[in-house]
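J.: Have a look at the structure that comes next, please.
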Amino acid sequence: MPKYSIEYAIQFKRSPELYHFRSDDPVACEEFLEELLERGYRITAIRHEGIDMPKPDFDKMIKTAAGMLAAKSICSALGITKEEEHFRFGFAA
């Protein structure tokens, strides 16, 4: 059983379809969450070792992914490097 599981939904005309992403790597999960946020998919659950993450941990993963998305968007929009983005705006690590 992978350490992390993300449950997300894609809305179609009739009803949402549920999907799962599983990984042992927390960074891979944050990167996947970034993709979900970018596409506007509904994130229904994040589990660690089969148990729903506590709200503070869930929120921290979402916040990290949102920061990654913001950094990527700023770099793309301004044509700057991750380093410059971090210096000027503070998102990228």
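J.: Quick test for you: out of Ile74, Ile51, pick the one residue that is of a type in the set (A, V, I, L, M) and surrounded by 16 or more Cβ atoms within 10 Å (Cβ to Cβ).
T.: Selected residue: Ile74, the only one of Ile74, Ile51 that is of a type in the set (A, V, I, L, M) and surrounded by 16 or more Cβ atoms within 10 Å (Cβ to Cβ).
J.: On to the next question. For Asp52, state whether it is free of Cβ contacts under 8 Å to residues at least 12 places away in the same chain, charged (D, E, K, R) and closer than 28 Å to His86 by Cβ.
T.: No: the conditions fail for Asp52.
J.: Any idea which of Tyr8, Tyr41 is surrounded by 12 or more Cβ atoms within 10 Å (Cβ to Cβ), in contact with a Ser or Thr (Cβ under 8 Å, 6 or more places away or on another chain), in contact (Cβ under 8 Å) with a residue 24 or more places away in the chain and within 30 Å of Gly90 (Cβ to Cβ)?
T.: Tyr8
J.: Also, quick follow-up: Look through segment 1-60, keep the residues that are over 24 Å from Ser73 (Cα atoms) and among the aromatic types (Phe, Trp, Tyr), and return whichever of them is modelled with the lowest pLDDT.
T.: Looking at the filtered set, the residue picked out is Phe12.
J.: Of all residues in segment 11-38, count the ones that are surrounded by 15 or more Cβ atoms within 10 Å (Cβ to Cβ) and of a type in the set (S, T, N, Q).
T.: 1
J.: For segment 31-48, which residues satisfy the criterion of being in contact with a strand residue (DSSP E or B) (Cβ under 8 Å, 6 or more places away or on another chain) and more than 22 Å from Pro16 (Cα to Cα)?
T.: Of everything in segment 31-48, just one residue is in contact with a strand residue (DSSP E or B) (Cβ under 8 Å, 6 or more places away or on another chain) and more than 22 Å from Pro16 (Cα to Cα), namely His48.
J.: Tally the residues that are out of contact with any helix residue (DSSP H, G or I) (no Cβ under 9 Å at 6 or more places or on another chain) and either basic (Lys, Arg) or under 18 Å from Met68 (Cα atoms) (or both), restricting the search to segment 26-56.
T.: Total meeting the criteria: 6.
J.: Kindly indicate whether Asp59 is free of Cβ contacts under 8 Å to residues at least 24 places away in the same chain, more than 12 Å from the chain's Cα centre (by Cα) and within 28 Å of His86 (Cα to Cα).
T.: no
The values are calculated or read from the model by the stated rules, or taken from the named source; none is laboratory data. What you see is a predicted model, and the numbers here were worked out from it, not measured in a lab. As a convention, Cβ positions derive from the backbone with ideal geometry for all residues, glycine included, and neighbour counts pool all protein chains shown.
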